[in-house]
Structure formats: structure tokens, C-alpha cells
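Colleague: Please find one structure pasted underneath; my questions will follow.
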Amino acid sequence: MPGTEKRQTEPIRLFKSDFLEFFSHVRPVTVLVLWVPVALFFLVRSIWFASESAAAARIVIGLLAGWFLWTFVEYVLHRFLFHFHPKTERLKRVFFSVHGVHHAQPLCRTRLVMPPVMSIPLAIAFFGLFHLVFDVLIGRPAWFSPLFAGFVSGYIVYDMMHYTLHHSKSKNAYVVACRYQHMQHHGTCPNMRFGVSIPIWDHVFGTMPKTAARAVPKSPQEPSQ
């Protein structure tokens, strides 16, 4: 494709507006600055309002459960939202901006983590869902803060892992294994291997190829201008 080499060094422009284009580029430090305080706030809140003797166990279990829930959400978002194949040209452009651009230019350092324009609305939606379930429906408000802290922490790990898989030379065995899975997702099987921070849900839902040669449809391409 003409211009491919240029695109690897010069980010694909998504918007005519310089203002909108600015917000389509995000550095990993933005995720840490924005979301680490949120995770710490809910962790401290869960500790601060703890009174019963079983509070410590609840906090630990809640953190782990919240993280594990995030890994499922990570898989679902990546598989069904980020890799949604729309029919209309307008929606094709929207979904190319959401995730297709990353497959078209996977080494662009400023398009490897979720921009706040996406992560903040998603966080608000899940905050409301957690509140509805644990505070209203089942009447267990003490579980809300540790679960949400674990959930947000899981998201932070996901985004940092994604950046690491593309730009780190870490020899850590787990990172190496995840990097292999993710590079296969970008290469031979873009509609398989959706787990980024953990591959467990690919095994559960059958999106982990049994052989490396398994044929799959190609990933969405950049829409025509």
C-alpha cells in the first residue's frame, strides 16, 4: 500500500479539526495520572468505612473479583465493540477511529491506550452499574468500593500491558507469552486472541486457535477517504 512506511512514522490523521485530532492522541502516562488516583480513592474508601472483623478479607476478595471482572469486560469490549464490522460508511469511519486505526498502524505510540473521551464515559457507566447492583439490588454497599477499585486497577493493567506488548523488550515469561498472543492477533488472526492482559477468556469462548495456521477473516481496513 502506498504511504505505508510514512504512516509508521507519521500518525494517520482521523479528524480534519486540529482540536479533535489532539484528543485522539494519548500517552500512557495519561492513564496513570487519571485513573490511579481513582483506584486509590475507592481502595482507601473501602478501608476507611470498614468496621467489622471480616473487612480485610472482603477488601482483598473484592479487589481480586473486580480485577477478574475487568478481564471479562476487556475481552467483551475488544471482541464485540472494537472489532464490530459495520455496514455503513459513516459507522466504518467511527469504528476505524475507535480501533481500526490501531490495526492499521500498531506501532503508533499515542494510539495504544484508551483515550479519556472513551474511558471516562465507560467508567461512569460501570460506576452506575456497580452502584445499582451492589447498593440497590442486593443491598451490599460495603462491596462496592473494593470491587470498583479492583475493576479500575484491572483497566490500568490492561492499558499499560497493551503499551508494553508493543514497545517493551521485557523478557518476563508472562509478558513474552502475552506479546506472542497479541502479535498473532495483529498478524495471522485478527478475529481471534482478544485477551490482552490475560488470555483466559479466549480459551473459555473458543477464540484461541488450536493451531497457528487456522484461517480467519481479515481485520477491517481503513475506510476510503
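Colleague: Condition first: modelled with pLDDT under 95 and more than 21 Å from Y163 (Cα to Cα). Now tell me which residues in the stretch 12-42 satisfy that.
Modeller: Of everything in the stretch 12-42, those that are modelled with pLDDT under 95 and more than 21 Å from Y163 (Cα to Cα) turn out to be F15, K16, S17, D18, F19, L20.
Colleague: When both residues are 6+ apart or on different chains and their Cβ atoms are under 9 Å apart, which pairs have a first residue that lies in the stretch 103-132 and is touching a residue at least 12 places away in the same chain (Cβ under 8 Å) and over 21 Å from R79 (Cβ atoms), and a second that is among the small types (G, A, S) and surrounded by 13 or more Cβ atoms within 10 Å (Cβ to Cβ)?
Modeller: If the second residue must be among the small types (G, A, S) and surrounded by 13 or more Cβ atoms within 10 Å (Cβ to Cβ), the pairs left are T110/S24; V117/S24; F130/G66.
Colleague: Exactly one condition in (1) in a helix (DSSP H, G or I); (2) touching a helix residue (DSSP H, G or I) at 6+ places or on another chain (Cβ under 9 Å); (3) modelled with pLDDT under 95 is not met by V94; state its number.
Modeller: Condition not satisfied by V94: (2).
Colleague: Report every pair of residues separated by at least 6 positions or lying on different chains whose Cβ atoms are under 9 Å apart, first residue within the stretch 162-176 and open to solvent by less than 50 Å² (accessible area, probe 1.4 Å), second assigned to a loop (DSSP other than H, G, I, E, B) and of a type in the set (S, T, Y).
Modeller: From residues that are open to solvent by less than 50 Å² (accessible area, probe 1.4 Å), the pairs are H162/S197; T164/S170; V175/S168.
Colleague: Can you pull out every residue in the stretch 177-186 that is touching a residue at least 12 places away in the same chain (Cβ under 8 Å) and farther than 29 Å from V60 by Cα?
Modeller: Q181, H182, M183, Q184, H186
Colleague: Sort out which residues of the stretch 71-88 are in a helix (DSSP H, G or I) and within 18 Å of H103 (Cβ to Cβ), and write them in order of number.
Modeller: Once the filter is applied, which keeps residues that are in a helix (DSSP H, G or I) and within 18 Å of H103 (Cβ to Cβ), the stretch 71-88 yields E74, Y75, L77, H78, R79, F80, L81, F82.
Colleague: Looking only at the stretch 177-211, which residues are open to solvent by less than 40 Å² (accessible area, probe 1.4 Å) and of a type in the set (V, I, T)?
Modeller: Within the stretch 177-211, V196, I198, T207 qualify.
Colleague: Select from the stretch 65-109 the residues that are hydroxyl-bearing (S, T, Y) and open to solvent by 20 Å² or more (accessible area, probe 1.4 Å) and list them in ascending order.
Modeller: T88, S97, listed by residue number.
Colleague: Of all residues in the stretch 19-55 being outside any helix (DSSP H, G or I) and over 20 Å from H99 (Cβ atoms), which is least open to solvent (accessible area, probe 1.4 Å)?
Modeller: A50
Colleague: Filter the stretch 118-143 for residues that are modelled with pLDDT under 95 and in contact with a helix residue (DSSP H, G or I) (Cβ under 6 Å, 6 or more places away or on another chain); which is nearest to I59 (Cα to Cα)?
Modeller: Checked the stretch 118-143; the qualifying residue nearest to I59 (Cα to Cα) is W143.
Colleague: Give the stretch 134-152 a look and list any residue that's open to solvent by 50 Å² or more (accessible area, probe 1.4 Å), in a helix (DSSP H, G or I) and free of Cβ contacts under 8 Å to residues at least 24 places away in the same chain, or say none.
Modeller: Answer for the stretch 134-152, where residues must be open to solvent by 50 Å² or more (accessible area, probe 1.4 Å), in a helix (DSSP H, G or I) and free of Cβ contacts under 8 Å to residues at least 24 places away in the same chain: D135, V136, L137, P141.
The values are calculated or read from the model by the stated rules, or taken from the named source; none is laboratory data. This is a predicted model, so every value here is computed, not measured. Using ideal geometry, Cβ is built from the backbone for each residue, glycine included, and neighbour counts are taken over all protein chains shown. For accessibility, only protein heavy atoms count, side chains too; no ligands or nucleic acids. Shrake-Rupley method; radii C 1.70, N 1.55, O 1.52, S 1.80 Å.
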